[in-house]
Amino acid sequence: MVRIFKPTLETKLQFRINSAIYSLHLVDKGAGVRNYKNILFVRIVGFVLSLMAGIPICGYSQQDPVFTQYMNNLLTIQPAYAGISGQLNVTGISRAQWIGFEGAPNTNSLTISSPITKYNIALGLSIVNDKWGPLRQNGINVDYAFRIQLREDQYLSFGLKGEVNTFQANFTDLRIWDSPDMVFMYDVKLKFIPNMGLGILWHSDRFFLGASSPKILKDDVKSESGVNAYSEVIHIYGMAGYVFFLNDIVKFKPTILYRWAERTPSYVDFTTSFLLYDQVWIGATYRMKNSVGLIFQYHVNPQLKFGYSYDLTTFHPSQVNSGTHEFMISYDFITLYKGRRHTSPKYF
């Protein structure tokens with residue numbers, strides 16, 4: 001996932017941060033690095049546009065971390081997802097992005113969620129650690145979801161999210177190749193940034209369709225010099241998926257995730273996966289004008305699942321990096337809810 005700061009339309013920092021990051025011994029990679037700025041103006045499929053009608057699809061900064069195996073930690077961006085599996089679930093994902101690119105993003109997430117069936121609600125907790133270049137971010141999110149049963153096998157969930165994010169930037173560690181700038185002469189000490197979000201999710205045993213905004217508040221962070229160094233902006237996501245039962249052995253699951261953040265490029269992830277013998281997932285993913293990848297997941301038993309994905313950028317990958325590795329582990333404490341009907345299957 002390419003993430004670039006906002007241009008000088010806001011401040012000098014957002015325009016020149018790319019040059020600062022390139023200075024981490026990356027300048028010799030030449031034109032391949034500069035092509036990061038080419039990832040703009042993607043087109044969105046019809047049903048996602050209907051969810052996101054009126055939202056522009058171009059900009060200059062993606063803030064939230066992105067995962068290839070996003071269906072396994074959707075709670076980080078969709079509070080209505082809490083408790084959807086019908087049991088207490090704990091999932092961890094570790095993502096090492098753009099191997100060989102010094103200062104590249106490295107992201108880890110831990111999500112915990114569980115339904116509380118007596119009150120028809122669910123609670124969730126997610127912790128995200130993200131670092132790239134001189135930047136460090138850590139976020140703790142608490143999620144609440146209320147579920148309404150529409151039909152015997154369909155539910156409509158409404159979710160609320162509360163977040164506390166910490167931000168830190170060590171700009172003085174960078175080597176600046178052009179003329180000196182006050183922006184990079186001062187660090188950003190640890191800052192606490194509160195935020196909140198909301199989401200809605202329509203789901204059954206075989207499909208889901210939803211939209212969310214995990215960040216609905218704007219905030220600015222200033223460096224020690226008083227310059228605006230970072231801005232939290234509104235984020236909006238659209239998501240959908242369906243499971244086709246091809247036969248007794250094979251199931252086919254296409255999913256889509258659309259993401260937009262104010263003044264940033266939009267992205268669309270298309271993922272297709274095949275489930276073999278209800279045990280092995282094999283799939284591929286395409287992030288428009290950004291990357292392609294392969295996904296493998298294995299159910300050791302009904303409770304424990306491991307996953308791995310490998311991505312390659314589609315913009316001069318040989319000149320920039322040797323790919324992205326992502327590891328996932330997920331565990332369902334299904335014995336805690338023995339005898340209770342699950343509200344959603346293991347497919348999501």
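The values are calculated or read from the model by the stated rules, or taken from the named source; none is laboratory data. It should be emphasised that the depicted structure is a prediction, and the values quoted were computed from it without experimental measurement. Here the Cβ is made from the backbone with ideal geometry for all residues, glycine too, and neighbour counts use every protein chain on show.
How about segment 93-108: which of its residues are outside any strand (DSSP E or B), under 16 Å from Thr313 (Cα atoms) and in contact with a strand residue (DSSP E or B) (Cβ under 9 Å, 6 or more places away or on another chain)?
From segment 93-108, those outside any strand (DSSP E or B) are 97-105; that's our starting set.
Subsequent filtering for residues that are under 16 Å from Thr313 (Cα atoms) retains 97-102, 104-105.
Selection gives Gln97, Trp98, Ile99, Ala104, Pro105.
Looking for something over 22 Å from Phe208 (Cβ atoms) and either touching a residue at least 24 places away in the same chain (Cβ under 8 Å) or among the aliphatic types (A, V, I, L, M) (or both) - is there at least one such residue anywhere in segment 149-162? I'd like the intermediate steps shown before the answer.
Residues of segment 149-162 over 22 Å from Phe208 (Cβ atoms): 162.
In the following step, the residues that additionally are either touching a residue at least 24 places away in the same chain (Cβ under 8 Å) or among the aliphatic types (A, V, I, L, M) (or both) were identified as 162.
Yes, that holds for at least one residue.
Evaluate the following for Val128: is it in contact (Cβ under 8 Å) with a residue 40 or more places away in the chain and within 18 Å of Glu232 (Cβ to Cβ)?
Working: in contact (Cβ under 8 Å) with a residue 40 or more places away in the chain: yes; within 18 Å of Glu232 (Cβ to Cβ): yes.
Yes: the conditions hold for Val128.
So Arg259 clears everything in (1) at pLDDT 95 or above; (2) crowded, with 21+ Cβ neighbours inside 10 Å; (3) within 24 Å of Ser204 (Cα to Cα) except one condition, right? Which one?
Just one mismatch for Arg259, condition (1).
In the set Gly124, Gly92, Gly86, Gly103, which member is in contact with a His (Cβ under 8 Å, 6 or more places away or on another chain) and buried (at least 17 other Cβ atoms within 10 Å of the Cβ)?
Values: Gly124 fails: in contact with a His (Cβ under 8 Å, 6 or more places away or on another chain); Gly92 fails: in contact with a His (Cβ under 8 Å, 6 or more places away or on another chain); Gly103 fails: in contact with a His (Cβ under 8 Å, 6 or more places away or on another chain).
Of Gly124, Gly92, Gly86, Gly103, the one residue that is in contact with a His (Cβ under 8 Å, 6 or more places away or on another chain) and buried (at least 17 other Cβ atoms within 10 Å of the Cβ) is Gly86.
Looking at (1) on the phi > 0 side of the Ramachandran plot; (2) modelled with pLDDT of 85 or more, which is the one condition that is false for Gly162?
Among (1) on the phi > 0 side of the Ramachandran plot; (2) modelled with pLDDT of 85 or more, the lone unmet condition for Gly162 is (1).
Please pick out the residue among Thr335, Thr314, Thr343, Thr324 that is buried (at least 21 other Cβ atoms within 10 Å of the Cβ), more than 17 Å from the chain's Cα centre (by Cα) and at pLDDT below 95. Walk me through how you get there before you give the answer.
Working: Thr335 fails: buried (at least 21 other Cβ atoms within 10 Å of the Cβ); Thr314 fails: buried (at least 21 other Cβ atoms within 10 Å of the Cβ); Thr324 fails: more than 17 Å from the chain's Cα centre (by Cα).
Testing whether each residue is buried (at least 21 other Cβ atoms within 10 Å of the Cβ), more than 17 Å from the chain's Cα centre (by Cα) and at pLDDT below 95 leaves just Thr343.
For Leu217, state whether it is modelled with pLDDT of 70 or more and either in contact with a Ser or Thr (Cβ under 8 Å, 6 or more places away or on another chain) or surrounded by fewer than 17 Cβ atoms within 10 Å (Cβ to Cβ) (or both).
Details: modelled with pLDDT of 70 or more: yes; either in contact with a Ser or Thr (Cβ under 8 Å, 6 or more places away or on another chain) or surrounded by fewer than 17 Cβ atoms within 10 Å (Cβ to Cβ) (or both): yes.
When the stated conditions are applied, Leu217 passes them.
Applying the selection to segment 134-160, what residues are in contact with a helix residue (DSSP H, G or I) (Cβ under 8 Å, 6 or more places away or on another chain) and of a type in the set (Ser, Thr, Tyr)? Walk me through it before giving the result.
Looking only at segment 134-160, we keep the residues that are in contact with a helix residue (DSSP H, G or I) (Cβ under 8 Å, 6 or more places away or on another chain), and these are 134, 141, 143-145, 157-160.
Those that are in contact with a helix residue (DSSP H, G or I) (Cβ under 8 Å, 6 or more places away or on another chain) and of a type in the set (Ser, Thr, Tyr): Tyr144, Ser157.
Pull out all pairs, ordered by first then second residue, where Cβ-Cβ is under 7 Å, the residues are six or more apart or on different chains, the first lies in segment 253-272 and is under 15 Å from Ser212 (Cα atoms), and the second is assigned to a strand (DSSP E or B) and small (Gly, Ala, Ser).
Short answer, once both residue conditions are applied: Ile256/Ala240; Tyr258/Gly238.
Only one of these is farther than 20 Å from Thr91 by Cα and either aliphatic (A, V, I, L, M) or touching a Leu at 6+ places or on another chain (Cβ under 6 Å) (or both): Leu257, Leu209, Leu304. Name it. Before the answer, list the steps.
On the way: Leu257 fails: farther than 20 Å from Thr91 by Cα; Leu304 fails: farther than 20 Å from Thr91 by Cα.
It is Leu209.
Residue by residue, here is whether (1) aromatic (Phe, Trp, Tyr); (2) buried (at least 19 other Cβ atoms within 10 Å of the Cβ) holds:
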{"position": "Met239", "(1), (2)": "no, yes"}
{"position": "Lys251", "(1), (2)": "no, yes"}
{"position": "Val268", "(1), (2)": "no, yes"}
{"position": "Asp278", "(1), (2)": "no, no"}
{"position": "Tyr298", "(1), (2)": "yes, no"}
{"position": "Asn301", "(1), (2)": "no, no"}
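Here is a list: Ala211, Ala229, Ala240. Which entry is at pLDDT 85 or above, touching a helix residue (DSSP H, G or I) at 6+ places or on another chain (Cβ under 9 Å) and more than 30 Å from Tyr277 (Cβ to Cβ)? Working first, answer last.
Details: Ala229 fails: at pLDDT 85 or above; Ala240 fails: more than 30 Å from Tyr277 (Cβ to Cβ).
Among Ala211, Ala229, Ala240, only Ala211 is at pLDDT 85 or above, touching a helix residue (DSSP H, G or I) at 6+ places or on another chain (Cβ under 9 Å) and more than 30 Å from Tyr277 (Cβ to Cβ).
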